[in-house]
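Note sheet for the following structure.
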Amino acid sequence: MPRHEPADVVIVGSGAAGAVCALVLAEAGIRTVCLEQGPWWRPEDYPHWGADWEWRRLTDWSTAVNTRRKAHDYPVDTTDENTLMWCGVGGSTTIYTATWPRFRPSDFRKGTEHGLAPDWPFTYEDLAPWYDASDALVGVSGILGDPSYPPRGPFQTRPLPPRRMGRWAQKAFDRLGWHWWPMPCAMIAEPFDGRPACNNCGACQNGCPRGSMHSASFTIWPKALAAGCELRTDARVERIETGADGRATGVTYVDRMSGVRHHQPAEVVIVAANGVGTPRLLLLSESAKHPHGLANSSDQVGRNLMHHVLGIAGLWVDGVTDVHAGVISAAQICCEFAETDPARGFVNGMTFHIVGQNGAGFQALGAHPGNVAPWGARHHAHFRSHFNHGIGFLLVGDDLPQPTNRVTLSLTSKDSSGLPAPHITYKLHENDKRLIRFAADRAREFAAAADAFDFKLNDFGLSSADGYRPPAWHLLGTARIGDDPANSVTNKWHQAWDCANLYVVDGSSMPSGAAVNPTSTITAMALRAASHLRDNFVDLRRATVTRRD
Amino acid sequence: MAAITDAAELAALVDTMIPGDELFPSAAAVGTHGLVGPRLRQLLGRDGLARLSAALGPLAALDRGGRETAIARLESADPELFAAVRMTVYLSYYEQPAVVDAVRAMGHDYNDAPQPDGYALPPFDPDQDLPRRPRGAFVPTAEVRRVDLAALDFLQAGAR
Ligand SMILES: Cc1cc2nc3c(=O)[nH]c(=O)nc-3n(C[C@H](O)[C@H](O)[C@H](O)COP(=O)(O)OP(=O)(O)OC[C@H]3O[C@@H](n4cnc5c(N)ncnc54)[C@H](O)[C@@H]3O)c2cc1C
């Protein structure tokens with residue numbers, strides 16, 4: 001087996017968190033190698049340039065791993081959800097839509113608030129400077145002054161325009177007396193850091209080949225490579241190796257192009273393979289010292305999987321909405337119901353996002369809620385009244401972490417390298433169901449306030465006999481940070497309790513998921529964790545014990 | 001027996017699903033079936049196409065009413081297979097240049113593809129696009145308190 005020169009740090013996964021770790025460490029002169037199972041995606045690979053862009057979005061460029069079924073992906077063995085992610089340089093930031101709200105102070109205190117999720121081992125205030133620093137790194141459009149958040153650092157560009165869709169929505173929010181504010185997006189509305197401003201093309205659900213959106217392959221990787229990080233693509237890590245003392249010694253990976261196995265020794269291993277890939281790899285890395293999987297003496301690895309509880313509505317109005325153009329979520333966020341109010345019959349909160357509906361083909365298919373134009377003689381009449389008259393209304397709720405919602409290793413399904421695929425069990429808690437039903441009622445109220453002539457809600461099966469089976473694109477909680485080794489996988493610096501030179505830095509680190517998109521928080525956490533490792537590297541590279549402080 | 005891979009069968013299928021009107025061309029008139037054939041094969045595979053052919057039966061020889069009946073039968077008997085067909089037909093139709101032109105003729109600014117042109121990006125206008133009276137609040141860290149769960153019986157067992 002080829003052995004490489006020892007690295008100071010080896011990072012598994014080049015997505016939102018892995019890229020930030022690579023940049024911070026490489027800029028400090030720490031010899032850093034990142035291994036990524038997928039390839040580079042070049043701007044010309046994206047679907048945006050061809051008339052078939054909508055077809056590609058739902059087939060070969062689908063964000064659903066089990067639809068795409070490429071060799072660089074891994075299948076997900078589950079009947080509970082449709083797991084969405086992207087594998088390749090930049091990870092899922094390659095195809096996400098860069099909606100960039102922050103968590104709220106109370107999101108870090110759910111243990112105190114109701115006890116059905118733990119408190120985070122740090123507060124909003126601890127993370128706030130890292131939020132600001134990560135925004136400065138990636139470029140965020142928005143405007144200060146939202147009274148539903150604490151004062152915060154600057155945005156890098158003005159907000160994106162809300163389109164006629166957003167203007168229509170504003171009026172409905174005002175009629176209802178609900179909070180609304182322009183949605184922060186990691187998509188620049190003006191040139192920033194050598195990148196061009198968004199040109200409003202409306203296809204962000206395919207990613208952004210211009211680099212206007214923060215996709216780590218455009219925004220961070222060029223800098224990390226220039227700083228000296230070595231990035232090996234098509235390099236699938238099979239296991240993290242540990243020595244007799246239980247410390248990590250490096251990783252074994254397979255070069256997917258040649259099939260040859262390699263060993264990459266390292267003093268520190270960072271796993272940043274996302275909320276599904278990370279627990280999978282930790283479970284695959286069992287050894288005599290770590291018989292239940294690496295870093296899993298607490299039995300928490302893979303548990304507490306969160307995705308947010310979701311619904312998506314569409315309303316159609318007597319006015320043109322520009323809903324095929326512009327950044328998908330660049331209109332408003334509504335935080336009216338973001339804080340817990342037990343009088344509603346559940347704990348936790350939700351946010352509503354005004355979102356676009358893609359192109360003519362997808363709109364004929366009814367957009368996200370599936371309000372499909374009938375086939376046959378009535379097709380064109382439906383298309384005429386609905387095309388470019390829609391407003392998307394996304395419902396995002398804070399689902400509870402449940403130990404039974406978990407990633408384990410599949411007994412039947414394998415990836416193209418023969419490694420067991422992850423198996424996912426994900427069921428809603430009664431609290432989550434109550435929350436999303438409440439949200440659905442609010443969506444109906446909103447449609448009425450918007451004078452919609454048509455409304456459709458996709459509750460992902462919640463009200464059907466088959467039950468809730470959502471698309472799952474926020475992959476969180478499966479190797480959480482904490483203060484207590486008994487119920488967390490790492491300490492507050494993301495250092496594994498059981499293996500002092502192993503770090504887990506990605507969506508799996510989150511103890512609770514809040515009611516908003518997670519990646520601004522994942523990025524801020526990664527910046528914080530990597531900076532701490534960098535600043536204390538002399539000691540931490542040799543650490544044999546993981547401390548609580 | 002006529003198979004759904006035959007051009008005439010495909011044309012009958014797509015034209016029945018999306019006929020023309022005074023503005024929009026029919027799906028077959030703009031060649032949609034040329035895309036639909038290979039795409040259905042990509043999506044459904046050989047077996048799926050054979051299943052589709054069998055479920056639909058020959059369409060080209062039927063009149064419009066007969067074709068509609070055959071498609072409606074598929075829609076109720078095998079909703080999943082039908083959904084794949086509908087997705088393929090609709091997406092293939094709306095990417096045809098003549099259909100994009102029809103959408104534009106309705107007065108919508110609509111491009112053949114998202115890039116490279118995109119759409120105009122007017123600057124954000126704070127006078128119009130910010131709330132006149134901003135609303136909203138948050139609970140600061142120091143003020144997060146235990147909420148009263150007494151009324152939420154279903155949660156009692158889980159709180160820790
Ligand atoms: C369709 C979609 C839309 C989204 N929209 C938003 C949004 O608007 N806002 C938001 O905040 N978030 C959004 N997200 C979520 C966001 O993309 C993720 O939160 C974020 O990318 C997670 O970062 P990560 O570092 O945890 O993992 P990822 O970015 O997923 O990166 C993990 C990487 O690890 C690699 N990897 C895994 N296993 C191995 C292995 N064994 N060996 C080598 N490499 C491996 C993977 O190939 C992948 O590249 C969206 C996600 C999807 C799928």
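Overview of results
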read-out	value
Residue-averaged beta-carbon neighbours from other chains (10 angstrom radius) around B:141-152	6
FRET efficiency, B:ARG64 to A:SER385 (Cβ-Cβ, R0 30 Å, nearest 0.05)	0.80
Region A:244-388 - charge dipole about Cα centre, Lys and Arg +1 at Cβ, Asp and Glu -1, debye rounded to 20	460 debye
Over chain A: helical MRE at 222 nm, DSSP H runs n ≥ 4 each giving -39500 (n - 2.57), nearest 500	-6500 deg cm²/dmol
Charge dipole (debye, nearest 20) of region B:7-105; +1 at Cβ of Lys and Arg, -1 at Cβ of Asp and Glu	280 debye
Label-point gap, in nm, between B:ALA150 and A:THR123 - each point 7 angstrom along Cα→Cβ	2.9 nm
Magnitude of the charge dipole, the protein assembly as shown, Cβ model with Lys/Arg +1 and Asp/Glu -1, debye to 20	620 debye
Estimated Rh, region A:270-363: Kirkwood, alpha-carbon pairs, angstrom	17.7 Å
Global form of region A:117-219, assessed from the alpha-carbon gyration tensor, a/c cut-off 1.5	oblate
Hydrodynamic radius of the protein assembly as shown per Kirkwood, over alpha carbon pairs, in Å	26.2 Å
Equivalent ellipsoid semi-axes - Cα gyration tensor, chain B, angstrom	48, 29, 14
Local net charge near A:THR519, Cβ-Cβ under 13 Å (Lys/Arg +1, Asp/Glu -1)	-1
Cα pair distances in region A:403-443, grouped into 5 Å bins until the bin that holds the longest one, percent each	6, 20, 16, 12, 11, 10, 10, 9, 5, 0
FRET efficiency, B:THR5 to B:ALA137 (Cβ-Cβ, R0 45 Å, nearest 0.05)	0.15
Over region A:406-549: Kirkwood hydrodynamic radius from C-alpha pairwise inverse distances, Å	18.6 Å
Label-point separation, B:ALA83 to A:ARG547 (7 Å along Cα→Cβ), nm	5.4 nm
Percentage relative contact order, chain A, counting C-alpha pairs under 8 Å, at least six apart	22 percent
Within region A:159-190, backbone nitrogen closer than 17 Å to the virtual label 7 Å beyond the Cα of A:ASP451 toward Cβ	A:164-177
Difference of contour (0.36 nm per residue) and Cα-Cα distance, A:LEU411 to A:ASP484	23.2 nm
Modelled FRET efficiency - R0 25 Å, A:ASP539 with A:ALA226, Cβ distances, 0.05 increments	0.35
Fraction of beta bridges assigned by DSSP in the protein assembly as shown that are antiparallel (%, nearest 5)	70 percent
Averaged over B:126-134, number of beta-carbon atoms from partner chains that fall within 10 Å	6
Stokes-Einstein translational diffusion, region A:20-100 - Kirkwood Rh over all Cα pairs, 0.890 mPa s, 25 °C, in µm²/s	168 µm²/s
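Values quoted throughout were computed directly from the atomic coordinates according to the rules given, and no laboratory measurement underlies them. Just so we're clear, the structure is a prediction, and the values are computed from it rather than from any experiment. All Cβ positions, even for glycine, are placed from backbone atoms using ideal geometry, and neighbour counts span all protein chains on display.
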